[in-house]
1. What residue, among those in the range A:91-115 that are buried (at least 21 other Cβ atoms within 10 Å of the Cβ) and in a helix (DSSP H, G or I), is farthest from the chain's Cα centre (by Cα)?
2. Under 28 Å from B:Ser189 (Cβ atoms), within 22 Å of the chain's Cα centre (by Cα), touching a residue at least 60 places away in the same chain (Cβ under 8 Å) and assigned to a helix (DSSP H, G or I) - does that describe any residue in the range A:298-309?
3. Can you say whether A:Ile340 is closer than 24 Å to A:Phe123 by Cβ and buried (at least 20 other Cβ atoms within 10 Å of the Cβ), as far as the supplied structure shows?
4. With (1) among the basic types (Lys, Arg); (2) in contact with a Phe, Trp or Tyr (Cβ under 6 Å, 6 or more places away or on another chain); (3) away from chain A (no Cβ under 14 Å) as the list, and B:Arg90 as the residue in question, which single condition is left unmet?
5. Any chance you could count how many residues in the range B:80-137 are aromatic (Phe, Trp, Tyr), in a helix (DSSP H, G or I) and over 18 Å from B:Ala312 (Cβ atoms)?
6. Which condition from (1) assigned to a loop (DSSP other than H, G, I, E, B); (2) within 18 Å of B:Phe57 (Cα to Cα); (3) within 19 Å of the chain's Cα centre (by Cα) is the one that B:Pro327 breaks?
7. Going through the range A:198-231 one residue at a time, which ones are surrounded by fewer than 16 Cβ atoms within 10 Å (Cβ to Cβ) and within 14 Å of another protein chain (Cβ to nearest Cβ)?
Amino acid sequence: MKKYSLITPILAIFLAIQCSSEMEEDIQQVDNTTPATSTDSDTDNSSSDNSQTDDTVSYNHKNMLINWVDNIILPSLDNFNSSLTVLKESTETFVNAPTSETFSKVKEDWLASFLKWQYVEMFDIGLAEEIYYKNRVNLYPANVNKIESNISDQNYDLDESVNFSSQGFNSIDYLLFGIGENEEEIILKYSNENLNYGKYLTDVVEKMISLTSDVRSSWNTEFRESFINSTDNTATSSINKLVNDFIFYFEKGYRANKIGIPAGVFSDNPLPDRVEAYYGKNYSKILALEATEAIDNFFNGRSINNLENTDLSIRDYLDYMEAEKEEKLSEKINNQLIKIKDKLSELNTNFSQQITDENLQMLITYDVIQANVVFLKVDMLQSLNISVDYADADGD
Amino acid sequence: MGKRISNYLNRKKSHAATLAFFRIAFGSLMFFSVIRFWSKGWIESLYIKPNFHFKYFGFEWVEDFGSYTYILFILCLISSLFVTIGFKYRISIISFFILFTYVELIDKTTYLNHYYLTSCISFIMCFLPAGGFFSVDNLIRGSKIEEVPSWAVDSLKFFICIVYFYAGIAKINSDWLLDAQPLSIWLKSKYDLPIIGQTLLQQKSIHYLASWFGMIYDVCIPFLLLYSRTKYIAFFFVIIFHVLTKVFFPAIGMFPYIMIFGTVIFFDSKIHIIILNRIERIVKKLSVLLNIKSIELVKKNYLNSIHYPRFAPLFLSIFLLIQVIIPFRYALYPGELFWNEQGYRFSWRVMLIEKRGDTRFKVKDSISGKFFYVRNENFLTPFQIKQMSFQPDFILEYAHYLGEHFEEKGLKNIQVFTDSFVALNGRSSQRFINPNVDLLTKKESFLNKDWILPLNDEINGL
């Protein structure tokens, strides 16, 4: 008798819940199909309110994931991959015939590819995370001694973690701008095949291509399916992980690496040699601005190849969760992004120079970015009720 | 009056099966809790991995044992097993209380109301004659206690009533009842629950319903459980309520189970006897299966003298009185309780606030004016960073730790400032700690922390 008295109430609850929501379930199923087809048709559904006007319908999390993958992540990877292929070609041409002309083409393609990378770095998920993709493509400062010893010893394995800081864009930055006093001297080093600079440059570019192709193919084979179907709100679900990745990128890859660390926010003195693309001198600002665009696009759900085309993303999700709030957090975040862009635009094209000349401007920029860290990490995570990565314990 | 009390203390008896049942339920739940805690890897991540532990005020002397912390847990596990089977009951429950509480004192980052509940219950049980019936001790002594004084059972009942009632009145505040916060945030994000997730849980009206139901439940359930005609319907609600909380908030851990089993103590002792008989039958079957000589659990010898410390009733009365008073200590502090959390803990304020923070520390040389920001992840685990970021006493303790750390590293004229933002119950974030205060000049105490900036809002309520 005791046993039944324990089980019956539990059964009763679930029965009651089941009955009361059967009707809603029907409504929900009907509504689920409409937004799904609209993204499939891939036309200009420029408005973002396709699934949230109706009160009875919840936010369509799966469509958000689909938008992220199909309109943002995969196209960004494709664009990046294409730019790398171009870089590879010009590298080969240059290495075979090092002239001032072929050299400037390599530099141009390196920058073009580096800019495309800014759209990829934040998606540190799946295979990308497993193989330390972002560390191998954009770790800085480059380990110059290691690069030089790799080249002179001709005995290196770029897959070893000791070589993470001697490959990727910043190593190429050193190879293109740092191995000689001036362009002539650098070209001369490449002209001497025995010095092996050309071989190393080619290896580094090829490694980026093979890593990128691994990441792309993992997305295209199984990862896309499992990603878009993991719609739950748990520590390991896609939304939680990608939102966490996004914030982590904003805080570390963007705020700290590009601005904070070189400006000396975390050290006794400024470290002007810690900027991104240090040897190229004039690229740190343009890279930071491009990264800001990438952040802006992802937050607002813009298709990477057609910025007019927006679909569900964090902004919409926030607006849905905060429907009753007057002060829209999404607006605050977007306004802060505008302020960040303004502030960045005022800086010297070479952050390293800016730090030496007037570091205060860098510190101010850092504070403007930090204000958005608070919005993202505190307000946004609270509204979306997403837990911070890997802080696992009971709560009450 | 005095006579009545002495009559109650000395004459009024309850059947010993009630306490025995509670002992078995509590002991076995604790046994599984410890195993669960271990299997989740939390001993490692919460007690061994951190380089630094946040201490309760007054308990700074509590040391962690590094990787030997596992020994504490093994002993805790053995104690809980012995409590369950009633082997050397008194020693077992005292050692369980001490070990469990000690582990909790190692790091306040892990503070949970139900850990505190566990400490309190095991503390009360140290004074109760719960090992005299249906226990291994019976077999050894060849005797049993059939009756226990009623105050023994009543003190547990009263304590459970305190827990519920205070949890209930804590919900009588404007955030909970008028804004349905934080339930609104929490339920809305449970969109992944089957059927109700995308529908009911998205409705504000449901959030209000849940808030009000939760408050009324907590306030009323003690009375319904005490009153004999309503106690069974009350138990029905206990199960509904706690199962729902477990479904909505899986991270709540063992709390629902502790409360569900705990409230069975309110039942008539006949039911406890039935349950114990069932257990006995299972044990007998098992012993037959395992080829062990049939165990006679219930001996026929009765023991008249009941062993419990003479001072127990007085001691427990004082303890329970303190329990009644402590939750109101917040009234001694100015400002919003949910914001500054002065007097928040140890008061059965369960699942009342959704709070997030981002707190960074600026280490400054007061003479040269040079400063840098600390990377919290170099010193704290992600879980500690999360908890530290919105709790003032954590922020202060950590600031002092940083001060000492950098002094050891050779820095001079150190000042530690914060850049701290916190959001509470769906409000926009605002600055939390006065950024101009050098926290090294502040000491932890029971006095008001005037360096916490006030909340730009008002929360009305108890």
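1. Just the residues of the range A:91-115 that are buried (at least 21 other Cβ atoms within 10 Å of the Cβ), to begin with: A:91, A:94, A:98, A:106, A:109-111, A:113-114.
So of that shortlist, the ones also in a helix (DSSP H, G or I) come out as A:91, A:94, A:106, A:109-111, A:113-114.
Working: A:Thr91: 26, A:Phe94: 30, A:Val106: 24, A:Asp109: 20, A:Trp110: 18, A:Leu111: 17, A:Ser113: 14, A:Phe114: 13 Å.
So the residue we want is A:Phe94.
2. yes
3. Numbers: closer than 24 Å to A:Phe123 by Cβ: yes; buried (at least 20 other Cβ atoms within 10 Å of the Cβ): yes.
Judged against the criteria, A:Ile340 is a match.
4. It is condition (2) that B:Arg90 fails.
5. Filtering the range B:80-137 down to residues aromatic (Phe, Trp, Tyr) leaves B:82, B:87, B:89, B:96-97, B:100, B:102, B:111, B:115-116, B:123, B:127, B:133-134.
If we keep only those that are in a helix (DSSP H, G or I) too, we end up with B:82, B:89, B:96-97, B:100, B:102, B:115-116, B:123.
If we keep only those that are over 18 Å from B:Ala312 (Cβ atoms) too, we end up with B:82, B:100, B:102, B:115-116.
Qualifying residue count, the range B:80-137: 5.
6. All conditions pass for B:Pro327, except number (1).
7. Hit for the range A:198-231 is A:Asn229, nothing else.
This table checks each residue for (1) in a loop (DSSP other than H, G, I, E, B); (2) within 26 Å of the chain's Cα centre (by Cα); (3) assigned by TED's automatic domain parsing to the domain that holds B:Gly426.
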{"position": "B:Gln181", "(1), (2), (3)": "yes, yes, no"}
{"position": "B:Leu187", "(1), (2), (3)": "no, yes, no"}
{"position": "B:Pro194", "(1), (2), (3)": "yes, no, no"}
{"position": "B:Ser205", "(1), (2), (3)": "no, no, no"}
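The values are calculated or read from the model by the stated rules, or taken from the named source; none is laboratory data. Everything quoted here is computed from the prediction, not taken from an experiment. When we count neighbours, we look across all protein chains shown, and the Cβ atoms used for this are built from the backbone with ideal geometry, even at glycine.
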